[in-house]
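Contents: one structure, followed by commentary.
The values are calculated or read from the model by the stated rules, or taken from the named source; none is laboratory data. Since the model is a prediction, treat every value here as computed from it, not as a measurement. Backbone-built Cβ (ideal geometry, glycine too); neighbour counts: all protein chains shown. With ligands, DNA and RNA removed, areas are computed over all heavy atoms of the protein, side chains included. Shrake-Rupley method; radii C 1.70, N 1.55, O 1.52, S 1.80 Å.
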Amino acid sequence: MKAAFLVDARTFEIREVPDPTLPDDGLVLQVEACGVCGSDLRRWKEGLAPGVEGIVPGHEVAGVVLQVGPGVTGYAPGDRLAVAPDIHCGRCYYCLRGMYNLCDELHFLGVTPGYPGGFAAKMALSGQVLTHGVVHRMPDGLSFVEGSLAEPCSSVLAAHQKAGTSLDDTVVVIGSGPIGCLHVAIAQARGARVVVAEVSGQRREMACRFQPDAIVDPLHEDLGARVRQLTGGLGADIAICANPVAATQTQAVEIVRKGGRVVLFGGLPKAQPMTSLDANRIHYGEIEVVGAFSYHPTMHALALDVLKRKLVPAELLVTHTFGLEQIDEAFQTAASGEGLKVVVIP
Ligand SMILES: [Zn+2]
Ligand SMILES: [Zn+2]
């Protein structure tokens, strides 16, 4: 079969490799769609960690079961599955308390060496993945491209559940890449008013398709003033930082009302993880600043249902699809910011 190996910074190699071995306690999946994630892009730009040889990335997977190992019950050839990357250990302090996304020994499909991902014609899902990973059957009528969106959608759903986004909230989404646009769609589905802040003109134009209540260019307009004007002088109920820029975290604390919530959704560059926040505003205004990373596996099942109910318009979110042979083009397109979600169809 063909598989795309990331071998160096911005360098893929399409290799012909043997089909994955069928695990006794697992299955082999034919990959039908695999989305390009922001984290894939970051590793593509940075290259591999020292000591790691080529890996097959890709963790936003949808496909069809080809073969099932003799020890497996509950799956059969022909089943349509959506797969997300996290594999938890099941034994640590966090796993024993059901906080699987905080597991001390998380492994990730398409990231951890020895766990090849979805930019390949086929992938094996071991027993470990079936029991401690995130695998769900796709609802009837959902396309594979839609199924691949369940993964990024899951973390956004989890963030809004944590923030308690609801009908009387004004939510400011800072950054309108594919994840920012997902935040817009989910906040709207939960009944909130949504303001988008985005510095790129191209991205502001794409955010228009999701019809937020306002779109602001924070380089040329005072975001805080605009948000207060839209909220009767109060400020936002919730601000979500959906980008890797520390300055926007500082700004998020400034634009929420007293008692408001700031969600740090995007990670900062590894080498510069520090940020500065107005601690007096947080203290006197009882502002909550919360982190949001990954999700409980149940969010992935909910995401598939949300996609099935068209609460997230996949056709607006997915702007490009490419074959496996065009993976270089797929990554270049995603990196250019000219589109939103890019999906590879192996
Ligand atoms: Zn992802
Ligand atoms: Zn664990």
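Dipole size in debye (nearest 20) for region 21-83 around its Cα centre, Lys and Arg Cβ +1, Asp and Glu Cβ -1?
For region 21-83, the charge dipole is close to 220 debye.
Taking N as the number of residues in the chain, what value does Rg over Cα atoms divided by 2.2 N^0.38 Å take?
Details: Rg = 20.3 Å, N = 346, 2.2 N^0.38 = 20.3 Å.
Cα-based Rg divided by the globular estimate yields 1.00.
Could you sort 7-19, 97-109 so that the peptide with the highest average Cβ count within 10 Å comes first and the rest follow in order?
97-109, 7-19
Cross-link list LYS45/LYS162; LYS162/LYS308; LYS2/LYS341; LYS258/LYS310: which exceed 29 angstrom alpha carbon to alpha carbon?
Checking Cα-Cα distances, LYS45/LYS162; LYS258/LYS310 exceed 29 Å.
Considering only DSSP beta bridges whose two residues both sit in the chain, what percent are antiparallel, to the nearest 5?
55 percent
If you wrap a convex hull around the C-alpha atoms of region 306-346 and split its volume per residue, what is the figure in Å³?
Dividing the Cα hull volume of region 306-346 by its residue count gives 62 Å³.
For region 265-345, report the accessible area per residue in Å² (1.4 Å probe, heavy atoms, rounded to an integer).
Details: 4290 Å² over 81 residues.
Value for region 265-345: 53 Å² per residue.
Among the aspartates and glutamates, which have Cα under 18 Å from the Cα of LYS122 when same-chain residues fewer than 8 positions away are ignored?
GLU13, GLU16, ASP19, ASP24, ASP25, GLU32, GLU60, ASP79, GLU325
If R₀ is 22 angstrom, what is the calculated FRET efficiency for the pair THR73 and GLN30, using the beta carbon separation as r and rounding to 0.05?
0.60
With each pseudo-label sitting 7 Å past Cα toward Cβ, what's the LEU167-ALA247 distance in nm, one decimal?
The two pseudo-label positions are separated by 3.9 nm.
For region 198-320, what ratio Rg/Rh do Cα atoms give with a Kirkwood hydrodynamic radius?
Radius of gyration over Kirkwood radius for region 198-320 works out to 0.99.
Kindly provide the helix-only [θ] at 222 nm of the chain, computed as the sum of -39,500 (n - 2.57) over DSSP H runs of four or more divided by all residues, to the nearest 500 deg cm²/dmol?
-8500 deg cm²/dmol
Counting other C-beta atoms within 10 Å, and keeping those with at most 12, which DSSP coil trypsin sites (Lys or Arg not before Pro) do you find in region 245-346? Don't skip to the end; give the middle numbers.
Numbers: sites: ARG257, LYS258, ARG261, LYS270, ARG281, LYS308, ARG309, LYS310, LYS341; in loops: LYS270, ARG309, LYS310.
In loop regions of region 245-346 (DSSP not H, G, I, E or B), the sparsely surrounded trypsin sites (Lys or Arg not before Pro) are LYS270, ARG309, LYS310.
Working from the pairwise distances between different alpha carbons, so that the mean of 1/r is found and then inverted, what is region 1-79's Kirkwood radius in Å?
Evaluated on region 1-79, it is 14.2 Å.
What is the calculated FRET efficiency for THR11 to GLU286, with r their C-beta to C-beta distance and R₀ = 56 Å, to the nearest 0.05?
Values: r = 49 Å, r/R0 = 0.88.
Using R0 = 56 Å, I get an efficiency of 0.70.
Please quote Rg/Rh for region 148-255 to two decimal places, taking the Kirkwood radius as Rh and restricting both calculations to Cα atoms.
Radius of gyration over Kirkwood radius for region 148-255 works out to 0.93.
Ignoring ligands, DNA and RNA, what accessible area per residue does region 81-181 give at 1.4 Å, in Å²? Working shown, then result.
Values: 3540 Å² over 101 residues.
Computed with neighbouring chains in place, this is 35 Å² per residue.
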